[in-house]
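All remarks here apply to the structure that follows.
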Amino acid sequence: MSGNGQPGFLFNTGAAGRCDDYKVGGAMMRWNPVLNKFCIWYYGRSTDFPEGMAPALGSGSVALTTSDDGLNWERYDGPLKGGAVMAPNVDPNAFDSVHLGTGDIEWRDGQWHMWYYAGDDGTPNSANPTYRHPGYNLHAGLAVSDDGINWQRRPGKAFGGAIVGIGEEIYGAFPNVYQLGERTILQVTIKDKDFKGWITRVWSSEDLENWDYLGPLTWSDDPRYYDSNGVITRHVLPDPGGAGAPWMMIYTAVDGRPEKKQQRTIAVAVSDDGLSWRRQFDGPVFVAAEAGAWDDYNVANPQLCVRGDELWMTYFGFADPAVPGAAALRGIGLAVSKTGDLRSFERINA
């Protein structure tokens with residue numbers, strides 16, 4: 001398992017019969033002290049996934065790939081169907097009975113905690129016909145593991161075992177967390193029923209069971225052109241050295257200008273208290289590659305792995321869908337800042 005020779009390209013779909021032989025996304029790279037390897041957990045969709053179910057997404061099951069050096073990766077043959085390490089819930093009444101997608105993962109109290117989103121076969125009441133499909137009734141969940149391979153759900157108190165409720169809104173996806181003292185802060189991507197933009201909503205908990213809603217993500221400055229239609233995914237972590245504030249958030253920004261067609265780029269915000277955020281730079285820190293590259297259209301879903309003074313960033317990239325064969329190029333990418341400067345990410349040949 002290796003790249004295709006193009007800068008940044010790490011991997012895409014797996015072999016026929018695997019849980020990821022149709023689509024992949026949501027890569028999260030971490031060092032796993034149990035396996036003594038680098039791990040990337042990601043979601044994959046198989047070719048036998050029900051047609052018409054959340055068609056714009058690639059979520060299905062969660063898969064794992066491992067590496068000794070972060071460059072050469074091997075898919076792990078997990079214990080579930082198609083080599084997955086986590087699959088949809090067998091309970092038809094569960095919120096995660098049809099498909100799963102990764103959001104965030106952390107090593108906490110001697111266990112891995114995976115914060116994921118998932119859907120059942122319900123169809124949301126959306127004003128946007130694109131999302132009036134079964135499978136877009138999405139909520140956030142939590143699972144734990146001692147080794148990163150064998151996972152146990154920790155059902156929450158909300159709909160179907162989800163950890164928080166989202167009321168009349170839809171698309172409760174891409175959860176991420178971080179700890180502020182004794183509190184865990186949870187951020188979730190929401191779309192209102194009119195689908196006018198991407199909203200990040202925030203909760204707080206001291207026990208991972210009872211969650212207090214804090215409101216939408218708080219900004220102390222005005223939106224920039226590159227995130228004028230909101231934020232889709234976030235990775236929050238203590239400043240690794242290049243942000244200049246105690247907290248840093250690297251995120252998928254959505255450009256709301258009509259001519260940009262919802263363009264995704266990767267941007268950075270900082271916070272002094274972990275709750276109120278401001279943009280760190282006037283522009284994104286990572287954008288689509290030049291025309292003809294595998295990721296020349298959009299880049300999204302950044303996740304950072306701090307390796308000494310270096311920052312390793314996995315991301316999702318894809319080519320212009322109008323170009324024949326572009327769908328085969330979308331996949332997981334890798335960029336590295338060797339100095340820790342958040343504006344110096346370079347695509348790596350894996």
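Using 0.36 nm times the number of residues separating Asp341 and Lys260, minus their current alpha carbon distance, what extension gain do you get? Mind dumping the intermediate values first?
Numbers: separation 81, 0.36 × 81 = 29.16 nm, distance 2.71 nm.
Length gained between Asp341 and Lys260: 26.4 nm.
Under a straight-distance cross-link criterion of Cα-Cα below 12 Å, which aspartates and glutamates are reachable from Lys260, leaving out those fewer than 8 residues away in the same chain?
Asp227
Give the shape of segment 217-338 as rounded, prolate or oblate, defined through the alpha-carbon gyration tensor: a ≥ b ≥ c are the square roots of its eigenvalues, a/c under 1.5 means rounded, and otherwise the shape is prolate if a/b is larger than b/c and oblate if not.
Details: a/c = 2.63, a/b = 1.40, b/c = 1.88.
Cα axes put segment 217-338 in the oblate bin.
Once you have a ≥ b ≥ c as the square roots of the Cα gyration tensor eigenvalues for segment 155-282, tell me rounded if a/c is under 1.5, and otherwise prolate or oblate according to whether a/b is larger than b/c. Each step should come with its number before you reach the end.
Values: a/c = 2.34, a/b = 1.15, b/c = 2.02.
Oblate, since a/c reaches 1.5 and b/c is not below a/b.
For segment 274-350, which GluC sites (Glu not before Pro) are in a loop by DSSP, counting at most 16 other Cβ atoms within 10 Å?
Details: sites: Glu290, Glu310, Glu346; in loops: Glu290.
Of the GluC sites (Glu not before Pro), the ones in loops of segment 274-350 whose Cβ has at most 16 other Cβ atoms within 10 Å are Glu290.
If you keep only loop residues by DSSP, which GluC sites (Glu not before Pro) in segment 158-266 have at most 13 other Cβ atoms within 10 Å of their Cβ? List each step's numbers first, then the result.
On the way: sites: Glu168, Glu169, Glu182, Glu206, Glu209, Glu259; in loops: Glu168, Glu169, Glu182, Glu206, Glu209.
Passing sites in segment 158-266 are Glu168, Glu182, Glu206, Glu209.
Which of rounded, prolate, oblate describes segment 210-286, given a ≥ b ≥ c as roots of the alpha-carbon gyration tensor eigenvalues and a/c under 1.5 marking rounded, otherwise prolate only if a/b is larger than b/c? It would help to have the intermediate numbers written out before the result.
Working: a/c = 2.02, a/b = 1.35, b/c = 1.49.
Oblate, since a/c reaches 1.5 and b/c is not below a/b.
What number, in percent, do you get for the relative contact order of the chain if the mean sequence gap of Cα pairs under 8 Å and at least 6 apart is divided by its residue count?
Numbers: 996 pairs, mean separation 47.2, N = 350.
Answer for the chain is 13 percent.
Please state the charge dipole magnitude for the chain, taken about the Cα centre, from unit charges on C-beta atoms (+1 on K and R, -1 on D and E), reported in debye and rounded to the nearest 20.
On the way: 30 positive and 43 negative charges, 112 e Å.
Dipole about the Cα centre, nearest 20: 540 debye.
Using a Cα-Cα cut-off of under 26 Å, which lysines could be cross-linked to Lys157, ignoring same-chain neighbours fewer than 8 residues away?
Correct list for Lys157: Lys191, Lys193.
Over segment 217-338, what is the relative contact order in percent, taking alpha-carbon pairs closer than 8 angstrom and at least six residues apart? Could you put the intermediate results ahead of the total?
On the way: 292 pairs, mean separation 23.8, N = 122.
After rounding, I find 20 percent.
Values quoted throughout were computed directly from the atomic coordinates according to the rules given, and no laboratory measurement underlies them. All figures in this text were calculated on a predicted structure; none of them were measured in a lab. Note that we place each Cβ from the backbone using ideal geometry, even for glycine, and neighbour counts take in every protein chain shown.
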